Every structure is written in C-alpha cells, then in structure tokens.
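Below is one structure, written out as structure tokens; comments come after it.
The values are calculated or read from the model by the stated rules, or taken from the named source; none is laboratory data. None of these values were measured; they are calculated from a predicted model. Neighbour counts run over all protein chains shown; Cβ positions are idealised from the backbone, glycine included. Accessible surface is based on the protein model in full, side chains and every heavy atom, while ligands, DNA and RNA are left aside. Shrake-Rupley method; radii C 1.70, N 1.55, O 1.52, S 1.80 Å.
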Amino acid sequence: ASGTAGGADRQSDKKAEDEAQGQPPPRGEPPRVEEEDSPTDLRARLKESEDRRILLEAMLKEKIEETARYQSDLKDSERMVEKLKSAGTGTGGTDNNTVNACPPPSSPNPSSPFPQSSTPASTKRGVQTPAATTRGVADSLAASLADAEADSKTGMKKHDKIVHNYSILLHALPQVVLEALFGNSLKSGIGDLRQRVVKRDSEFSAVVHWKLMYDTKVSYELLLSVEVSHEVHEGQKIVKISLTTVAEDEIDVNVEPFEQTTDKMVTLEVKKGEIVLAPEKHGQTCMTMRAEVAFGVETSRAATTKTAQSTMVSSLALLSRGASSGKITTMASEKPVKKVTKSKFRSGLSDAGDAFGLLCTALYNRFKQEDEIDRRILKDFSDNMETAPPLSDGEIALIKSLTTLSRKVDENGKRLPGTVKDPVEKFLFWPKGSSSAIAKSVAKIDISAKELFAYLWVQNTHKQKRRHLQKHDNLPRAVWENLDDTRSLQYTTAVLFPKGLTNRYFETWFTWEARTLKDGRKEFIIAHSPMDSYLVMGGKTYHNLNGVDKYVKGSSKAAWVVMELTDSTCEWKRVQQVDVRISLPKQIMDMMTRFQLNWANRLQEEHRRNGREVDKETHLALAEVMRRRRGVPLTSKQEELFKRCMQLGEGSESGEGWNEIKSKSKDIYMSMTYLPPQKGERSVATGRAEGVMDCSAEKAAAYFFDYCSRQRMRKSQEKKDPPRLVVEDNAALNEATVATVKNFPFPLKDREFIANQAWKADEDGVTIAFESIDLDVDYGVSLNTVRGRSRALYRIENLPGRGQVKQCRCTLYQNLDAGGMIPTRVMNRKLPQPLGVVQQAIDEFRQDDKIDEMDRAELAKLMREKHDDQEYSEEEL
C-alpha cells in the first residue's frame, strides 16, 4: 500500500514538472487555464512546499532506520535458527506471559525434568549475556511456522518425526493433574480429552487409550503404555510419567474404538514421551512434556484412508502469532486463544503437534484460577514482609530523596483545574528548567493499607500481566526480584504510544519501606527511579530485556505512600515524574499527565465499598483514638482556639438571656442569644441546639469531626455545592483544616468558609472547637465568592445507657455570619438551618426499636414483680 501511494506521489510530481516545463497534459485531460498567482500566494505555496519537503525527509529517514532494524533482526533470527538446528532442539513452549509458562530445563539436555529459576536472561553491568529465552523461543517458533507453511504449499514431507517440548504452569497440585490425565475425561472450552484405561498391569503401570478433539474438525487418537514413577529431587517430590505408543496386537485386550465425531481422525505415534509434574509455590504444578511424535493414519468420516502430510508445528507456536517478528503474543483469556487456533485449522495447518498443544491448553483452562493464585501470591508476600532483607544504604538514600521531592510537591503543587469535586485530589508541579511535570494524586481506597501495598508492589500477578496485555498489546515486560540479595527489584516494560509516535520503554529500580507513625498507624513507601540510579549507588546487577532496544528509552521516578486510615481503608498518595523524551506543548503534557493520574480513580472504583459502611468504620477508628487520647494536653494554639469558642456557651446553664427558637423536630431544643461581637465582627445571634443521641460521645464526636465523610460529600453533591474538602488532615492528632463553598441564590455570590477544627477528650465526653481562619485555598480555578465567618462549639457528654444502648447529650453553640450585604436580621431567621446538623446526627444513630423493646421489658417486669405494691385511685379501680 505504501508503494502504491509512493507511486501515486511520483506520478503527481511528474505531472507537475511537465506542466512547469510547458508540456501538454496527457491525453484525456482537458488543458488547464492557469491564473496568475499573486506574490502572497506564491510565498504561501513555497512555504507549503518547504514544509512538505521537511516532512518527507523525516519520513524517509525513519523508514531507512526501520529497514535497518528489520534487516538486523532478520540476521539475528537466521543465526538463531541455524544455532537451534545445529543443536537439534525441537519447537514448543511458551513465553513467560503465555499461560504462566514454566522455565526451560536447567540442564543442557532438553529431556531433563527439573525446572530452573524463571528469571529472564540477565547481564552484569557492562557485560551482555546472550539472549536465550524470549527471543530464542520466538525465532524457533518462527522457523517452525515457516516450515509448516512450506509443507502445506509443496506437499513435501520435511520430517519423519519431530521432538516437542512443552512447559506450562497449572493451578493445581500434581496429584490432581495426574488424576485428570488418567482418570475421568477432561473437558474444556478448547480441547476435549476422552480417555479410558484399557489394561492395568500394576498400580503404576497401565495402557490407556486417548482421544483429543477440536470441535468437529480434527481428532487425534493415541494408544499409550504409561509408567508412573516418583522421585525426590532437591527436596521436592516429583512425578515422572513415561509415554510410549503400543500396537493393539501387542496387548491381549480388545481396544474398543471411540465414536467418530469429527471430520478427520489422526492416529499419532509417540516415542520416548515423558511428562514430569513438579510442585511449585502457591499450590501449583509445573508440567513439562517431551515427546517424539510421528503421524500414523488419517481417517475421515467417509472411511477414506491416506497418509497425512507431516506439517508438524507446536500448538503453542500456532498460538504465538507474530513470532516471526521476534515477539510472542500472550493470550489474555480462553476466547482469543480459541479464535487464533481455529483460524489456523481453517487454513489447513492441522498436525500432530496440535494434539499436545491442545492438551496443554485444555489442562490450563481446566484448572485455571488466576485470581486465587494472585490472592495466594499477595498473601504470601504480606505474611513474609518481616523477613525481607534490611534496607541498603542506596535504598535508604533513594527513599529519602524521593520523600523530599514529595514534600516539595505538597508545598508548591497546583491543583489541576476542574478536579476540585473529583474523589481523587490531583496536583501538578513544573520544576524550573524541567521538560516534564511532577504529578500528585491523593485517593482514599477501601482496602487495608497492607493489601494495597502488596497490590502495588507485586508485579508478577496474572492481573498485572492481563492489564499490560490489554493496555500495551504484546510489548515486552519483565520483573527481576531481589537484586544483589536486597529487597529491590528491576521492572522493565515497553509502553504503547499513539500511532505516529515510537513506543517507549522504561528500566526502573523499585524498593520499599514500612514505617509506624507516632499514633500507631502503619505507613508503606514504594520508591522507584531509573536503573541508572541503582548502578550509581553501588548496585552490581543489571538485566537486559530483549526486544526493547528498538524503542525510545524513557525515565520515571516516584514515591508512593500508602497510609493506614482504618483496618479496611487507607490513603494512597502518588507523586511521580515521567520523562518520555518528547517535546510537546505544555497543554498536551498536562493532558497526558491528567490521564496518568486517572489510575487512582480506577483503583478507587475497583475497590469501592458501601459509603455508609466505610463511614462507620472511620468513625469507630477515630472514636477509639479519642478514648486513647483522653487527657492529652493541647498545644498553645489549640488552647487559644478552645478559649475563644468556649465563650459561646457562657451563661447557657442558667438559661438567662437565651430565647427559645421554634424547632421543626421534637428531638432537639433550640434557643438563641446575642453576645458582644469581637473586633471586626457584626452583631449576629448565637444559636444553641441540644439533643440526645443513641451512641457514645466519642462516636458522635467522630461523626461531627469527619467533615468530608461519604454521606456528607453525597449530600453536598446533591445540593450542587461547588467544593467541600479537607485542606490539611491531621485527625489522628486531633486537628484539621477544612474548606467549603455554599451555593447562594442569584444575585448573591456563593459563600466560602475556611475553618480550623480541633477536639479534646476526657472521661465525661468530647469537646470540638471550630473557628474560621484567613487562608488561601487552591481550588484549581478562581472562584468569585464572598468569605463567610463561623465559630462553633460542640459539647458531647456521655449519659447512662438504656440497657445495651449507649447514649450521649450533644449541645451545639454556633455563631455564623455569611458576610457581604446580607442583613443580620435575615441571618438570625436562618439560624435554625446550620443547627440542623444535630438532628442529622440523631437520625444517623437512632435506635428507637431497641429502646422501645427495653422500655416494654421494664414495664412488663414492673407489672409482674411489683403488682402488689401499686396504689390505684378510685377512678383507676
């Protein structure tokens, strides 16, 4: 297509030259009458031509570089194929991401059953190790596919037999896999294995009859002599199964044929076949299969018999579309695997290797439980965190430098416009002279801090691999853990970029630290930086991932802080700077950064739970903190804050000067009075609301102090109030700064309230002080508002409980001035509205049914036990 387009461009250029030289146009085209161009038009056309010339030169340069890369890759592939052929190695196997493939045997002998570490090919600093994993397998698969295509076209027989090697990680114990292979029929969405035991010689020796089917197209039939043995290797008990084809006349038992249910049935002969089942971590089994396979007889439903072509190709190779370009395609689920395999069958590439490939795929899908294996992997990491190696000097220096960067962004970062009502707070900071910004997101996630930390740290889960596959297609990705016997890891990944831009790859050094805060909560820090930093700080190991050298190398450094809020909730602060080595306008870079920050939103939605339940957990945790901090002295600033707010309640005990306000609810009593205003304040009435709640004083105080709870945020959104946020949260240490903007009707401007709140607890209950302060808050946009003022005091006292129901009395004193030109008499009439928060708390903790039940029980007891002691009037009698 590009050649055709290029030819069209050349014809167009030739036509333009002919016209410029005065030659007549080709036959069939009417002569043109050209109008004389103005100087402005000529200059515009010259500029356009120059721009086009520059663009064409850039495209030509890129095509030349791409051609050179392809030629280099082709030479590497040819050399690898020759090497594999000279070594006599067969095809088969999968890459590290395909159905959790097991590593190749550690011994040079391909039949060795013992697995080795799944770590990809590594290099020491400055020393390259030949790539022998992903690239080698890809080239061997490419060679097999090329042979198969040549066989299908020419009809020539290239192999009398072929050796197949397969390795796959199954999500079941070895004994379960053994029973599936030689017990009941195995069925799955891709392969269908039917088997029967024809003859049992002993407990570990038998003759089995297998039939492998694929839809209605092809089936494979095998009559096998099976020998099962158990060995112990390096402390592990492994199962070895030898497979050899036997002729029916060699056994003294009549073999009943399977029903013909497919268009073709192929008899396979297996020589020197062996299956090894080795136990792996997390309840898995590494199954390796090696067999010399040859074709027998192909039978159709019409009972025609002929010798089949020997187009031997591994089924897993068929699943590896794109292997000829040096990469192995990873299938995310059963459906795309089935689709690719079917397409190969329809093209006529049905062969002996497909039987064993389908067997491996069927076994994997039969035992597939990727989410359960991920859960076990994460749990294993969480349970063994204490056994991690101590932090090295380089790791300590990395964490310190990146936490310092995080604090710098906290001080200088600007909120992204339009995100003030986003459940995830997002900020951006452009350092001077830097071509990339530092982004920050703060999100509350509804899982425990330890769970989220494990989720972010462990990169080898099936979920992470599927996500990479869905987002970045089949680009390479690898993780190497415990660099130089430390807790660090290297994470190398290629990232898919939009069409027209070269993909990027990142080589990143990760490490972590667990801390305990002053209030006893846990905090986990994950720091990462380019691998160059690891080598500079004394690291010795560096791993090279094949297939990424053709992309542009980017860099990333970040500090992810996971802080515990409750046992089931946490806060994740992510500060990260990514340099993709590209020069783009600042607006586009901001847009790309905003897109990257949406990861926190996706994670938040993935783990979101019921808001009311989360609020209950938060309030219970804060109430427990209040009980533990009873009698803890306040700071000098907090003492001044409580002193000013306590003046609101002076003289309220006697009731002198307080006038009752009509309340809409019978649950609360309201009154108001006028107190002398402080300097700079207007004379606005102070209101009081009093009510009883069916909970402890600490739980009620936690409800009032949690300014941005899920329920309050929901109500604020329903009222379409602009922002409501916590500017600085230090709730565990009894202080927070909050801000909100309230909608006011036209033509009035919206009102902004910014306040500092603190609490203190004692044996009698909890007191909360709330007072407006002068502070500039970053909302991401400029708001045309009027600053309001408020001062409040909550006195919450424990009362004797009603049976098992705890109760407390809450008294709220509040002085509120919306500011602007609103008359004070209007503010006084609206005073019951802000006092209604007491009614909201009463409704939240209401337990009328339990209290009524206890009252009925007490009355029944009184009637039953003290009936004789009662006195009745004549009217009652």
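Look through ALA449, ALA443 and report the one residue that is open to solvent by less than 10 Å² (accessible area, probe 1.4 Å) and out of contact with any Lys or Arg (no Cβ under 7 Å at 6 or more places or on another chain). So that I can check it myself, show each step before the final result.
Details: ALA449 fails: out of contact with any Lys or Arg (no Cβ under 7 Å at 6 or more places or on another chain).
Of ALA449, ALA443, the one residue that is open to solvent by less than 10 Å² (accessible area, probe 1.4 Å) and out of contact with any Lys or Arg (no Cβ under 7 Å at 6 or more places or on another chain) is ALA443.
So, PHE427, is that one at negative phi, assigned to a helix (DSSP H, G or I), touching a helix residue (DSSP H, G or I) at 6+ places or on another chain (Cβ under 8 Å) and hydrophobic (A, V, I, L, M, F, W, C) or not? Answer is no for this residue.
The criterion of at least 2 residues that are open to solvent by less than 30 Å² (accessible area, probe 1.4 Å) is met by the following strands (runs of 3 or more DSSP E) wholly inside the range 617-703: 668-673, 686-693. Taking the range 479-493 as the range and being touching a residue at least 40 places away in the same chain (Cβ under 8 Å) and either hydroxyl-bearing (Ser, Thr, Tyr) or within 30 Å of ARG608 (Cα to Cα) (or both) as the test, the residues that pass are THR486, SER488, THR492.
Which of the following residues is on the phi > 0 side of the Ramachandran plot, in contact (Cβ under 8 Å) with a residue 24 or more places away in the chain and of a type outside the set (A, V, I, L, M, F, W, C): ARG594, ARG581? Don't jump to the end; show me each part of the working.
Working: ARG594 fails: on the phi > 0 side of the Ramachandran plot.
The conditions single out ARG581.
Among the residues of the range 574-603, how many are assigned to a helix (DSSP H, G or I) and surrounded by 13 or more Cβ atoms within 10 Å (Cβ to Cβ)? Even if it seems obvious, please write down each step before you answer.
Just the residues of the range 574-603 that are assigned to a helix (DSSP H, G or I), to begin with: 586-603.
Checking which are surrounded by 13 or more Cβ atoms within 10 Å (Cβ to Cβ) leaves us with 589-590, 592-594, 596-601, 603.
So the count comes out to 12.
Test of understanding: among GLU571, GLU606, which residue is touching a strand residue (DSSP E or B) at 6+ places or on another chain (Cβ under 8 Å), open to solvent by 40 Å² or more (accessible area, probe 1.4 Å) and acidic (Asp, Glu)? The match here is GLU571.
Cβ separations smaller than 7 Å between residues 6+ apart or across chains give the following pairs from the range 360-384 residues that are more than 21 Å from ALA180 (Cβ to Cβ) to residues that are modelled with pLDDT of 90 or more and open to solvent by 60 Å² or more (accessible area, probe 1.4 Å): ASP374/LYS463; SER382/LYS450.
Looking only at residues that are assigned to a strand (DSSP E or B) and basic (Lys, Arg) in the range 203-248, which one is modelled with the highest pLDDT? Write out each step before concluding.
Filtering the range 203-248 for residues assigned to a strand (DSSP E or B) gives 205-214, 218-233, 236-245.
Going one step further and asking which of them are basic (Lys, Arg), we end up with 211, 237, 240.
Values: LYS211: 83, LYS237: 88, LYS240: 92.
It comes out as LYS240.
Tallying residues that are in a loop (DSSP other than H, G, I, E, B), touching a residue at least 60 places away in the same chain (Cβ under 8 Å) and either open to solvent by 50 Å² or more (accessible area, probe 1.4 Å) or closer than 16 Å to SER434 by Cα (or both) within the range 539-564 yields 2.
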